[in-house]
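Let me begin by presenting the structure, written as structure tokens, before commenting on it.
The values are calculated or read from the model by the stated rules, or taken from the named source; none is laboratory data. Source: prediction; values computed, not measured. FYI the Cβ positions are ideal-geometry reconstructions off the backbone, even for glycines, and counts take in every protein chain you see.
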Amino acid sequence: MRHAADGPARLSIAICSHNRGRQTERCLAALAPLPEGVETIVIDSGSAPEQAETIRAAAARHGARHLRLPTPGLSEARNAALATARGGWIAYLDDDATPWPDWCAVLLRTIAADPDLAATGGLILPQWQAQLPGWWPPALRAVLTIIDPPCPEDAGAAGLDPYGANIAFRRDVLTRLGGFPTCLGRRGRLMISNEETYVLRRLRQGGLRVRFTPDLVVYHEIDRARLNPVWLVGRQYWSGVSEAVMLGALGEKRLGRALRFLLHALLLAPLGLWPAASTAQIGLRCKAAYARGFLRGALGEGSGADTALP
């Protein structure tokens, strides 16, 4: 690690990984060489033994600190990184993200230029394993964790929120918030999300500055296994669950939305007769799935809503 062993780092970079040894190696390699005052932390979130060894070896090769958690949980892994980080700022990269060569320099420059900044993040460009199908609704590209507006130079003024694949926080501010809520965040195959959205909303509620930085760019590998209607409809279902759980965690009212989504779910119920692998009426089926998910999240049935907030 490049930071001084007896002093704090300016920046800690956390890579949380679950069963993605190859991708973790690639992410670490793209960060090299690290500038002085920057450290990397790899958190293995309950990977299987063979993948866990690959992740450990990758961290050792690149001089990163390595933590292993016994069970999967993205929010838990991010919070573990926060607890051990030495930097004044902590940045999070997904294990399947590849930062541009100037990513670290851009982030350090952004931090230095705005002492009042509490959080920032940037573009997430797709690295396709297979071509995006023509039936995929354009409005749902973002569910693949993509932020690639047509005019990247205007992204900073477009009101975009950073995503967790490419995001950074002032460490003391994130610590005061208690880190990421453990009622949200991926846990193995459970596709609940919105943990970084929760944090960003709390920052803004506290009057703190969040800035989108278009020059802070990563590529995000899009697994071909996601490019099918079964995954997309399921992802929208869990997006609905995530939204409802997040609103509950924030103490916001959900009754009005729940009633509206109940109506949507009832009206769109016949779409459940479509074969899961069909692309017919995919947009409406996604809306129906989101509505069902929101209702489940609002009721707290099996959504993780009973998990304690930090």
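Against the definition (without any contact (Cβ under 8 Å) to a residue 12 or more places away in the chain and either within 19 Å of the chain's Cα centre (by Cα) or in a helix (DSSP H, G or I) (or both)), how does Arg260 come out, yes or no?
On the way: without any contact (Cβ under 8 Å) to a residue 12 or more places away in the chain: yes; either within 19 Å of the chain's Cα centre (by Cα) or in a helix (DSSP H, G or I) (or both): yes.
Criteria met by Arg260.
Look through Glu252, Glu243 and report the one residue that is under 27 Å from Leu177 (Cβ atoms) and not in a helix (DSSP H, G or I). Steps first, please.
Working: Glu243 fails: not in a helix (DSSP H, G or I).
Answer to the selection: Glu252.
What number of residues in segment 174-217 are part of a helix (DSSP H, G or I), of a type in the set (Val, Ile, Thr) and surrounded by fewer than 19 Cβ atoms within 10 Å (Cβ to Cβ)? Outline the logic, then answer.
Initially, segment 174-217 is screened for residues part of a helix (DSSP H, G or I), giving 174-177, 195-205.
Filter once more, so that each one left must be of a type in the set (Val, Ile, Thr): 175, 197, 199.
Now narrow it down to the ones that are surrounded by fewer than 19 Cβ atoms within 10 Å (Cβ to Cβ): 175, 197.
Counting residues in segment 174-217 that are part of a helix (DSSP H, G or I), of a type in the set (Val, Ile, Thr) and surrounded by fewer than 19 Cβ atoms within 10 Å (Cβ to Cβ) gives 2.
Looking only at segment 41-55, decide whether some residue is of a type outside the set (Ser, Thr, Tyr) and touching a Cys at 6+ places or on another chain (Cβ under 6 Å). Lay out the reasoning, then the answer.
From segment 41-55, those of a type outside the set (Ser, Thr, Tyr) are 41-44, 46, 48-53, 55; that's our starting set.
Going one step further and asking which of them are touching a Cys at 6+ places or on another chain (Cβ under 6 Å), we end up with 43.
Among the residues of segment 41-55, at least one is of a type outside the set (Ser, Thr, Tyr) and touching a Cys at 6+ places or on another chain (Cβ under 6 Å), which makes the answer yes.
Which members of segment 1-30 meet the condition of being aliphatic (A, V, I, L, M), surrounded by 22 or more Cβ atoms within 10 Å (Cβ to Cβ) and either at pLDDT 95 or above or outside any loop (DSSP other than H, G, I, E, B) (or both)?
Kept after step one, since they are aliphatic (A, V, I, L, M), are these residues of segment 1-30: 1, 4-5, 9, 11, 13-15, 28-30.
Now restrict to residues that are surrounded by 22 or more Cβ atoms within 10 Å (Cβ to Cβ): 9, 11, 13-15, 28.
Answer for segment 1-30, where residues must be aliphatic (A, V, I, L, M), surrounded by 22 or more Cβ atoms within 10 Å (Cβ to Cβ) and either at pLDDT 95 or above or outside any loop (DSSP other than H, G, I, E, B) (or both): Leu11, Ile13, Ala14, Ile15, Leu28.
I need every pair where a residue in segment 203-220 that is in the same structural domain as Phe180 (by TED's automatic domain parsing) has its Cβ under 6 Å from the Cβ of a residue that is among the acidic types (Asp, Glu), sequence separation at least 6 or different chains.
Matching pairs, first to second residue: Arg209/Asp116.
Going by what's in this entry, would Ala291 be described as assigned to a helix (DSSP H, G or I), of a type in the set (A, V, I, L, M, F, W, C) and not assigned by TED's automatic domain parsing to the domain that holds Ser193? Reasoning before the result, please.
Details: assigned to a helix (DSSP H, G or I): yes; of a type in the set (A, V, I, L, M, F, W, C): yes; not assigned by TED's automatic domain parsing to the domain that holds Ser193: yes.
So Ala291 fits the description; yes.
Out of all the residues in segment 121-134, is one or more surrounded by 16 or more Cβ atoms within 10 Å (Cβ to Cβ), within 23 Å of Gln205 (Cα to Cα) and modelled with pLDDT of 95 or more?
Within segment 121-134, one or more residues are surrounded by 16 or more Cβ atoms within 10 Å (Cβ to Cβ), within 23 Å of Gln205 (Cα to Cα) and modelled with pLDDT of 95 or more.
For every residue, the table says whether it meets (1) assigned to a loop (DSSP other than H, G, I, E, B); (2) touching a residue at least 12 places away in the same chain (Cβ under 8 Å); (3) touching a Phe, Trp or Tyr at 6+ places or on another chain (Cβ under 9 Å); (4) surrounded by fewer than 20 Cβ atoms within 10 Å (Cβ to Cβ).
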{"position": "Leu67", "(1), (2), (3), (4)": "no, yes, no, yes"}
{"position": "Thr71", "(1), (2), (3), (4)": "yes, yes, no, yes"}
{"position": "Arg78", "(1), (2), (3), (4)": "no, yes, yes, no"}
{"position": "Leu82", "(1), (2), (3), (4)": "no, yes, yes, no"}
{"position": "Tyr92", "(1), (2), (3), (4)": "no, yes, yes, no"}
{"position": "Thr98", "(1), (2), (3), (4)": "no, yes, yes, no"}
{"position": "Val106", "(1), (2), (3), (4)": "no, yes, yes, yes"}
{"position": "Pro115", "(1), (2), (3), (4)": "yes, no, no, yes"}
{"position": "Ala119", "(1), (2), (3), (4)": "no, yes, yes, no"}
